[in-house]
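*Asks:* This structure is in structure tokens; I'll ask about it shortly.
Bear in mind these aren't lab numbers, they're just calculated from the coordinates by the rules spelled out. Not measured: the values here are computed from a predicted model. Because the Cβ atoms are built from the backbone with ideal geometry, glycine has one as well, and the counts that use them run over all protein chains shown.
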Amino acid sequence: MEAEAAPTIKKLALQVLPTVFPSALPYQCYTDSTKSLYLVTSGKDATHAVDNVGTMHAALAVSTALMALPDIKVIVNAGTCGGFIKRGCKIGTVVIPTKGAFHDRRIVIPSTPFEQYGIGATDLTSCAIANEVREKLGYLGGCCSSGDSLDHSKEDDEIMEGNEAVVKCMEFAAISQVAKMWGKDLVGVKVVTDLVDGDKPAFEEFMANLSSAAEALQASIPQVLEIIKKEE
């Protein structure tokens, strides 16, 4: 979301790079003066004038950016998420996921691997850069479960519990699959805005904490980028 990215764009003095995405796509790319760092946002929906969120836009934006910028080595998915109290999360907790999985792609066809395909778990424990970031900054790890709904059904809950999800978002699992296809390292930086297993409506907590979470991302991203730069 633009509100998530705005403090970081300002902090790093990033400028629009207009040549990355074709005109049919609403996404925006920003870069620094050396063109060694690129930040992508998903833009606004032309009909409803809200941020483009969800797994489709995440996968399409990252894939298209990689086609235009094939020399990129590390993808950083920075954004907000819901966190699970039972996994150690509270408002403002930062998580560097060790796994991505979907909780709303239910493809149950007996005697076939389609169910596991739908969950689409991607193991990131072998990503040395993500491990280095997590350890040096002391952030939580675990599964980031993704879906295209802000709320969650009973079936979603069962899948998230099966994957021992630490946080829940709307893009990380899709980006983790794109990173795997392209052979790129992926570092997720997820800041908790709402508590999935808490007693307040997710949308209320999300809206109340979005601004502070964006500021937390602004503080975390330069530290993350510095570690990545040293490891490359």
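*Asks:* Please identify the trypsin sites (Lys or Arg not before Pro) of the range 41-110 that satisfy two criteria: DSSP loop assignment and at most 12 other Cβ atoms within 10 Å. Which are they?
*Replies:* Lys73, Lys90
*Asks:* Please report, for the Cα atoms of the chain, the Rg to one decimal and the Dmax as a whole number; what are they, in angstrom?
*Replies:* When restricted to Cα atoms, the chain yields Rg and Dmax of 16.9, 54 Å.
*Asks:* Around Arg105, what is the net charge, scoring Lys/Arg as +1 and Asp/Glu as -1 over all other residues with Cβ under 13 Å from its Cβ?
*Replies:* Its environment carries a net charge of -4.
*Asks:* Still on this structure, I have one more. Once you have the Cα-Cα distance between Asp199 and Ala13, take 0.36 nm times their residue separation minus that, and quote the gain in nm to one decimal.
*Replies:* Once the chain is fully extended between Asp199 and Ala13, it gains 63.1 nm.
*Asks:* Counting pairs of alpha carbon atoms under 8 Å apart in space and at least six apart in sequence, what relative contact order in percent does the chain give?
*Replies:* The value is 27 percent.
*Asks:* With axes computed from alpha carbons, what is the tilt in degrees of helix 128-137 against the longest principal axis of the chain, rounded to the nearest 10 within 0 to 90?
*Replies:* For helix 128-137, the angle is close to 90 degrees.
*Asks:* Within 10 Å of each residue's Cβ, count the other Cβ atoms and sort Phe84, Phe206, Phe114 from fewest upward.
*Replies:* Sorted ascending by nearby Cβ count, the order is Phe114, Phe206, Phe84.
*Asks:* Turning to a different aspect of this structure: Going by alpha carbons, how many degrees (0 to 90, nearest 10) lie between the helix axis of 172-182 and the longest principal axis of the chain?
*Replies:* The helix 172-182 is inclined about 60 degrees to the chain.
*Asks:* Kindly point out, ordered by number, any Cys in the chain whose beta-carbon has no other cysteine beta-carbon under 4.7 Å away.
*Replies:* Cysteines lacking a close Cβ partner in the chain: Cys29, Cys89, Cys127, Cys143, Cys144.
*Asks:* Mind listing the long-range amide H neighbours of Leu124? Cut-off is under 5 Å, sequence gap 5 or more, other chains count too, H placed in the peptide plane at 1.01 Å from N.
*Replies:* Lys99, Gly100
*Asks:* Based on other C-beta atoms within 10 Å, arrange His103, His48, His152 from fewest to most.
*Replies:* His48, His152, His103
*Asks:* Hey, what angle do you get for helix 2-11 against the long axis of the chain, alpha-carbon based, 0 to 90 degrees rounded to 10?
*Replies:* Around 40 degrees separate the two axes.
*Asks:* Let me ask you something else. What is the sum of charges, Lys and Arg at +1 and Asp and Glu at -1, for the other residues whose Cβ falls under 13 Å from the Cβ of Met160?
*Replies:* -2
*Asks:* Now for a different question. Counting helices only, and only those DSSP H runs with n ≥ 4, report the 222 nm mean residue ellipticity of the chain as the sum of -39,500 (n - 2.57) divided by its residues, in deg cm²/dmol to the nearest 500.
*Replies:* Taken over the chain, the calculation gives -12500 deg cm²/dmol.
*Asks:* Further, regarding this structure: Under the classification rounded if a/c is under 1.5, otherwise prolate if a/b is larger than b/c and oblate if not, where does the range 100-217 fall, given a ≥ b ≥ c as square roots of the Cα gyration tensor eigenvalues?
*Replies:* Note, shape of the range 100-217 comes out oblate.
*Asks:* I would also like to ask the following. Checking the a/c ratio against 1.5 first, then a/b against b/c, what shape does the Cα gyration tensor give for the range 26-117?
*Replies:* Cα axes put the range 26-117 in the prolate bin.
*Asks:* Next question. Only Cα pairs within less than 10 Å get springs; with that Gaussian network setup on the chain, which residue of Pro18, Pro113, Pro97 has the largest fluctuation?
*Replies:* Pro113
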